[in-house]
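Only one structure is covered here, and it is reproduced in the block below.
The values are calculated or read from the model by the stated rules, or taken from the named source; none is laboratory data. All figures in this text were calculated on a predicted structure; none of them were measured in a lab. For neighbour counting, all protein chains shown are included, and Cβ atoms are generated from backbone atoms with ideal geometry for every residue, glycine included.
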Ligand code: PDD
């Protein structure tokens, strides 16, 4: 990559048949979700929202995604803490305890065993002006629970994923989990069109910040490297768990960024996320990482993730 002039030039597909198949598979969920919209239960497809909602006009909203394993939200406290932080950062006041109550009730009624919970809070509906609305503007609060039809990451989690590097064009507060995801969507789309599972986002100074929707980790000389927490990355919940798992596996982890120029020296590369879990990366821009197969550190961390789930009775 590095050549910023070719930002959105599309290269020829490079994925092997199996990872391409994964990308082209139908969505991981049915779209048949149960929603709680401002306290009212209804099918997700029946929720209607005004075009004056500031999420529609300005992307003025934040969100969370939680994984449900065996009917229980995974790392719930951590996700809710990040939700509270996002709300604080964009200065939206919302009764999170009430939202949590709705979330648990929706999950119970949806009877989803394997799936996800999506939460979004917008600043609300108001006539269009950039500054915050004066007077009465209630946040719109959405929770929905959706069942997985399939695990779209099952194949690359075993075989390893192909990725591409793409300039990180996002704003300077990527630590806020805001719904402003256009740069992420463009990157994810470009990756998919090149037959890849994910895009690695590269900052102007050449550091790999993270993926379009996953955190990124390199392995060099037995050490795991990842971007330090900063406004340039989302504080991934799975990233936080990964640090605990690395400690358990006696694998040193350093919060040090790695660069696109370090890629040829990396022994391993992997991504983490709520739905992808721990995902080995075996190819970047058509070049193999390490041996071109998922490496031992990644495999150990994947096993530790599974063991953590078992221990927590998930
Ligand atoms: N994406 N980085 C970005 C930019 C993300 O959007 C995500 C999550 C992550 C991983 O964070 P976590 O481990 O908390 O899932 C990193 C979510 C799942 C999404 O947008 O659907």
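Among the residues of segment 117-162, which ones are part of a loop (DSSP other than H, G, I, E, B) and under 30 Å from residue 194 (Cβ atoms)? Within segment 117-162, 149, 150, 151, 152, 153, 160 qualify.
Here segment 57-67 is the region considered, the condition is being buried (at least 16 other Cβ atoms within 10 Å of the Cβ) and closer than 16 Å to residue 132 by Cα, and the residue that is farthest from the ligand (Cβ to nearest atom) is 57. Residue check: residue 292 meets all listed conditions (1) under 19 Å from the mean Cα position of the chain (by Cα); (2) away from the ligand (no atom under 12 Å from the Cβ) but one, namely (1). Each residue in segment 188-200 was checked for being under 13 Å from the mean Cα position of the chain (by Cα) and free of Cβ contacts under 8 Å to residues at least 40 places away in the same chain, and 2 of them qualify. Take residue 269 and tell me if it is closer than 30 Å to residue 76 by Cβ, within 16 Å of the ligand (Cβ to nearest atom) and surrounded by 21 or more Cβ atoms within 10 Å (Cβ to Cβ). In short, yes. Whenever a residue of segment 42-53 is in a strand (DSSP E or B), its partners that are modelled with pLDDT under 95, lying with C-beta atoms within less than 9 angstrom and at least six residues away or across chains, give the pairs 43/32. Under the condition of being more than 26 Å from residue 186 (Cβ to Cβ), in a loop (DSSP other than H, G, I, E, B) and within 13 Å of the ligand (Cβ to nearest atom), the residues counted in segment 197-248 number 0. The residues of segment 249-266 that are away from the ligand (no atom under 16 Å from the Cβ), over 17 Å from residue 201 (Cα atoms) and under 23 Å from the mean Cα position of the chain (by Cα) amount to a single one, 254.
Please determine, by comparing only the residues of segment 163-193 that are in contact with a strand residue (DSSP E or B) (Cβ under 7 Å, 6 or more places away or on another chain) and part of a loop (DSSP other than H, G, I, E, B), which one is surrounded by the fewest Cβ atoms within 10 Å (Cβ to Cβ). So the residue we want is 179. Is one or more of the residues making up segment 74-88 assigned to a loop (DSSP other than H, G, I, E, B) and either without any contact (Cβ under 8 Å) to a residue 24 or more places away in the chain or more than 13 Å from the ligand (Cβ to nearest atom) (or both)? No, every residue in segment 74-88 fails to be assigned to a loop (DSSP other than H, G, I, E, B) and either without any contact (Cβ under 8 Å) to a residue 24 or more places away in the chain or more than 13 Å from the ligand (Cβ to nearest atom) (or both).
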